[in-house]
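All remarks here apply to the structure that follows.
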Amino acid sequence: MKKLLVLLGLIGAVGAISYHVCFYRAMASVVVVTPDGTDAELEWLKREFALTPAQYENILALHRAYRPVCADYCTRYMAVHRSLADLLRSQTEWSEKTGAVIAEQARIQGGCHASMLKYAYEVAACMTAEQGQRYLQMIKMQLVEGDPAGMFAASR
């Protein structure tokens, strides 16, 4: 019985250690997003496109300038999204106010997408032609197929 308990303890310890090693190895490649604008936020871009220090510094400057624009769109989108949700919870039939809120939400989303795409073209211009093309393909695919700013996930 004693041997069985020792064996089970050993198996548990090996399992726990294996889990932690695998977890930390997997997390080592995850990009850290920092609210203070340090380099870690764009580290993935630097690695993915093998940016030169000059390219990276130019893109980082663009990114820092764009951050408040993006934050403003997100704030406005979230506010109108909450407004629409509140309105729909209390409403039992169609109203012009609902249409106006939906139109405002679409206007903000469209402005966000246009602003983000303009920023992406500016970033691509800092890269070589090949790097820029590949970067724009990623961004355009995200714009068409996905949620470019992540605002829909944040609104849920």
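The values are calculated or read from the model by the stated rules, or taken from the named source; none is laboratory data. Since the model is a prediction, treat every value here as computed from it, not as a measurement. Glycine gets a Cβ as well: all are built from the backbone with ideal geometry, and neighbour counts include every protein chain shown.
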Q.
Can you pull out every residue in region 118-133 that is exposed (fewer than 15 other Cβ atoms within 10 Å of the Cβ) and more than 15 Å from Ala61 (Cβ to Cβ)?
A. Lys118, Tyr121, Thr128, Ala129, Glu130, Gln133
Q. Assuming Asp39 fulfils every condition listed in (1) modelled with pLDDT of 95 or more; (2) within 16 Å of the chain's Cα centre (by Cα) apart from one, which condition is it?
A. (1)
